[in-house]
Amino acid sequence: MTNFILSGMKYFLIVFATITTIRLLLGPSASDRLVAMNVLSSIALALLILWGVTTKNVLYLDVALVYDIFGFLGFLAITRFLKNTKDKL
Amino acid sequence: MNILLLSLILCLSIFSLIAKDLLHAVIALSAISILSALLFTFLKAPDVAITEAAVGTGVSTIIYVWAIRHTKRKDGDK
């Protein structure tokens, strides 16, 4: 039963990642794409932790931790870039 | 499921090739590295996924954005 629920959550999160990627491809401004990438990062974090719980391996949680720290640095760089531009967002 | 992730990576890379704005292409490249780290994790290679998450998402995005900030943006064809 638990394995069934975990695999169902995995497929749901994959569908959510697909919809968010479509939003990232269609978004007219850079802010929309940035928010879509942030949501995609959250979905990827949830998928990594879900995969670590499913396989009962602690190493996948390290992947999630490193990914979240460095992903935040990337978002911070793009946000600093958007602060200094004067054009429409 | 791996096929779906690979097709998402293909769509994002085609978009980053044809994008007019450079920042949109950088955001698409960062999303590519997110999805490829996820794909490496599903293919049971967590050490490769750690390296991809550290280098692809953090360092390369910061370097690209830093390079775009120090050059002029050309908005002629919008």
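The values are calculated or read from the model by the stated rules, or taken from the named source; none is laboratory data. Owing to the predicted nature of the structure, the values given are computational and were not obtained by experimental measurement. All Cβ positions, glycine included, derive from the backbone under ideal geometry; neighbour counts span all protein chains shown. Surface accessibility is based on the protein's heavy atoms, side chains included, excluding ligands, DNA and RNA. Shrake-Rupley method; radii C 1.70, N 1.55, O 1.52, S 1.80 Å.
Points worth noting:
- Hz values of 3J(HN,Hα) by residue in the stretch B:20-28 - Karplus curve (6.51, -1.76, 1.60), Gly and Pro given as x: 7, 7, 6, 5, 5, 5, 5, 5, 5
- The stretch A:2-84 - percent of accessible surface contributed by carbon and sulfur, probe 1.4 Å: 75 percent
- For the stretch B:17-40 and the stretch A:18-39, distance of Cα centres in Å: 11 Å
- Between B and A, accessible area buried - total, square angstrom, nearest 100, 1.4 angstrom probe: 3300 Å²
- Shape parameters for the protein assembly as shown, alpha-carbon atoms, Rg then Dmax in Å: 16.2, 58
- With eigenvalues of the C-alpha gyration tensor scaled by 5 and rooted, chain B, Å: 27, 16, 5
- Heavy atoms of B:His70 accessible to a 1.4 Å probe, total area in Å² rounded to 10: 130 Å²
- Sorted largest first by accessible area at a 1.4 angstrom probe radius, with every protein chain in place, the residues A:Val35, B:Val26 fall in the order A:Val35, B:Val26.
- Shown here for the stretch A:52-86: trypsin sites (Lys or Arg not before Pro) in loop regions (DSSP other than H, G, I, E, B) with at most 13 other Cβ atoms within 10 Å, namely A:Lys56, A:Lys86.
- Counting only protein chain heavy atoms and rolling a 1.4 Å probe, the accessible areas of A:Arg23, A:Arg33 rank, largest first, as A:Arg23, A:Arg33.
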